[in-house]
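Accompanying notes for the structure given below.
We did not get these values from a lab; they are worked out from the coordinates using the rules stated. What you see is a predicted model, and the numbers here were worked out from it, not measured in a lab. All Cβ positions, glycine included, derive from the backbone under ideal geometry; neighbour counts span all protein chains shown.
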Amino acid sequence: MTSYISILKPGLLTTLQDDGRRGKQQYGIPVSGAMDQYALQLANILVGNHPQEAALEITLMGPTIKFCCSTHVGVAGGDFPILLNGKAVAAYEGIRVNEGDILSIGSAKRGCRAYLAIAGGFDVPLVMGSRATYLRGGFGGFMGRQLKEGDEIPVKASKELKGSRKIPAAMIPDYVDSYTARVILGPEAHRFTAEGIDIFLSNTYRLTNQCDRMGYRLEGPVINHTAGADIISGGINLGAIQVPGHGNPIIMMADRQTTGGYTKIANVISVDIPYLAQLRPGDTLRFKSIALETAHQMYIHQHEKISELINEFEQNNVNSRPRYYSIKVNNKHYQVMVEAL
């Protein structure tokens, strides 16, 4: 019998997301994937999955789900109330569910997005190597769209988990509504006046209502260019901060376009992207410039902590064998263990 979950209520915007559709941008295919990659990894670790397995990305108001199998789930991300058969259960802890159980996730009290992972992962087709939903293109995930009432999503088989899993308090982010994002200046920082750079780094910007998975439009003090905002179109990174002619920044997020023709003043560092993913319209941002080497060390440290946590949990499971994930930083390769199955 096929294991699956049934969507009784879909929530505001619930999609399947993994770490994204990588290596396809040269063909005009966006990366997509989870907005908060860190929360995605923690949710998957709670249920013994690979950290980048596809999970449900829940936005602002969560779904109600009926389980047609007995399994484990984990929820990580923003502060959402979670009820299992009407009783409160905690995020950042493994949750045992039985066939027929109903789990409801309410409206966010803090933050914007949460991730629900299920042991084994969701059994939906890979599209160009990923299960991530790209809504504008209508592909990936479950039928290329957000979830609807009545959807039945198949679940892959999983190993039996031993013991309970709980994310240490020190690894749980504190999502706030006013954040200082660390950035690396460039690649077109020379296209801005010295005063424009100073304005960017010393003022507060507010997220407008034009914020979605593609990008965040900000409003605040105008950033001045030296000779116009247009450049020859070039590649767009996650966290790239474009400044069009009107002088207000736009931050590129998970569903960003693959190329763009506006000057980029800076790029938000990888470890700060999850905090941006949890902001809502009306929340505020400031920017702080740091050295590239510092950003590299933060990135490596985060992956090392995730590796240590997985190793600790998997020691309780039999037949474990380590698997390693290669991180390339500043043209050097680092082997970090991120799964043991």
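Express as a percent, rounded to the nearest 5, the fraction of DSSP beta bridges in region 159-291 (both residues included) that run antiparallel.
Taking every DSSP beta bridge within region 159-291, about 75 percent pair in antiparallel fashion.
Given N residues in region 67-194, what is Rg(Cα) / (2.2 N^0.38 Å)?
1.35
Given contacts defined as C-alpha pairs under 8 Å and at least six residues apart, what's the relative contact order of the chain, whole-number percent? Write down the numbers at each step before the final one.
Details: 858 pairs, mean separation 59.8, N = 341.
Across the chain, relative contact order equals 18 percent.
Under 5 Å between amide hydrogens, which residues at least 5 positions from A240 or on another chain qualify, with H placed 1.01 Å from N in the peptide plane?
The answer is M252, V268.
Sort the following peptides by mean Cβ neighbour count (other Cβ atoms within 10 Å, averaged over residues), highest first: 73-79, 88-94.
Values: 73-79: 24.9, 88-94: 16.7.
The packing order, highest mean first, is 73-79, 88-94.
So what is the relative contact order for region 178-290, in percent, with contacts set as C-alpha pairs under 8 Å and at least six apart?
Numbers: 264 pairs, mean separation 47.0, N = 113.
Value for region 178-290: 42 percent.
Just the projected area, averaged over all directions, of the convex hull on the alpha carbon atoms of the chain: how many nm²? Before the final figure, lay out the partial values.
Values: hull surface 67.2 nm².
Mean projected area for the chain: 16.8 nm², to one decimal.
Which whole-number percentage describes the relative contact order of region 25-83, with Cα contacts under 8 Å and a sequence gap of 6 or more? Provide the component values of the computation, followed by the final result.
Values: 35 pairs, mean separation 19.8, N = 59.
Relative contact order comes out at 34 percent.
Given labels modelled 7 Å from the Cα in the Cβ direction, how far is it in nm from H246 to K66?
4.6 nm
By what distance, in whole Å, do the Cα atoms of region 9-73 stretch along each of the three principal axes, largest value first?
For region 9-73, the Cα extents along the three principal axes come out at 41, 27, 20 Å.
Given a cut-off of 22 Å, name the pairs among K66/K148; K66/K162; K87/K166; K166/K305; K9/K109 whose C-alpha atoms lie farther apart than that in the structure shown.
Exceeds cut-off: K66/K162.
Would you please name the trypsin sites (Lys or Arg not before Pro) within region 10-63 that are DSSP coil residues with at most 14 other C-beta atoms within 10 Å of their C-beta? Mind dumping the intermediate values first?
Numbers: sites: R21, R22, K24; in loops: R21, R22, K24.
Within region 10-63, the qualifying trypsin sites (Lys or Arg not before Pro) (loop, at most 14 other Cβ atoms within 10 Å) are R22.
Taking H as built 1.01 Å from N, whose amide H comes closer than 5 Å to the amide H of C112, not counting residues under 5 places away?
Here the answer is G78, since their amide H atoms fall under 5 Å of that of C112.
Can you work out D for region 178-290 in µm² s⁻¹ from Stokes-Einstein, where Rh is the Kirkwood radius over C-alpha pairs, the temperature is 4 °C and the viscosity is 1.567 mPa s?
95 µm²/s
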